[in-house]
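These notes are about the structure you will find just below.
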Amino acid sequence: MKNYRLINNISGWTVFAVAAVTYLMTIEPTASLWDCGEFIASAFKLEVGHPPGNPVFMVMARFFTLFAGGDVSKVSAMVNSMSALVSAFTILFLFWIITHLARKILLRDENQYNTGRVVVVMCAGIVGALAYTFSDSFWFSA
């Protein structure tokens with residue numbers, strides 16, 4: 001089935017959109033509990049947070065702080081928006097991993113590609129990715 005890749009991409013980006021909208025609608029406008037405040041302040045000044053630090057996060061967060069337009073009251077919202085978008089990309093990649101593994105199990109041959117099996121593979125990816133999207137521990141981190 002030549003449309004499998006198209007269906008997989010559209011379904012994945014749809015799951016990404018659901019996760020991104022959910023996370024962006026529920027972000028903290030300021031710092032929340034644990035290390036968030038330290039990471040926001042460290043990213044804004046492009047400093048090193050507590051050991052072991054996270055240089056990739058700091059550079060990405062510093063880039064997103066530039067979207068605050070010089071208004072320091074919006075810096076934390078920008079860093080939290082970055083975290084929400086990166087978490088939504090995690091959900092997208094989780095969807096693609098699940099569909100890849102399900103395709104390897106259910107669709108071993110080109111002759112086995114039929115509508116029913118493709119729907120089963122897509123539903124497995126959607127259910128798995130959205131279950132993780134709305135899990136309490138991941139949503140809090142997003």
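The values are calculated or read from the model by the stated rules, or taken from the named source; none is laboratory data. Since this is a predicted model, take the numbers as computed values, not measurements. Cβ atoms come from the backbone with ideal geometry, glycine included; neighbour counts cover every protein chain shown. To get the accessible areas, we keep the full protein, side chains included, count just its heavy atoms, and leave off ligands, DNA and RNA. Shrake-Rupley method; radii C 1.70, N 1.55, O 1.52, S 1.80 Å.
Things worth noting here:
- Here is how the number arises for the chain: DSSP H runs of 4 or more residues each give -39500 (n - 2.57), the sum is divided by the residue count, and the result at 222 nm is -23500 deg cm²/dmol.
- Which of 64, 11, 36, positive extreme of dipole for the chain (C-beta unit charges): 11
- Segment 30-78 shape via C-alpha gyration tensor axes, a/c threshold 1.5: oblate
- The residues of segment 85-139 present an accessible area of 60 Å² per residue when probed at 1.4 Å with all protein chains retained.
- Semi-axes of the equivalent ellipsoid of segment 82-142 are 28, 10, 8 Å, computed as sqrt(5λ) over the eigenvalues of the C-alpha gyration tensor in descending order.
- Extension gain from residue 109 to residue 54, taking 0.36 nm per residue of separation minus the Cα-Cα distance: 15.5 nm
- Solvent-accessible area, 1.4 Å probe, carbon plus sulfur percent, for segment 28-142: 68
- Gaussian network model of the chain, springs between alpha carbon atoms under 10 Å - residue of 27, 105, 40 with greatest fluctuation: 105
- For the pair residue 71 and residue 141, label points projected 7 Å from Cα toward Cβ lie 3.1 nm apart.
- Cα pair distances of segment 44-109 binned at 5 Å [whole percent]: 4, 16, 17, 16, 13, 9, 8, 7, 6, 4, 1, 0
- A compact globular protein would have a Cα radius of gyration near 2.2 N^0.38 Å; the ratio found for the chain is 1.29.
- Protein heavy-atom accessible surface, 1.4 Å probe, per residue over segment 1-68: 67 Å².
- Highest-first arrangement of 86-94, 49-57, where packing means the average Cβ count within 10 Å: 86-94, 49-57
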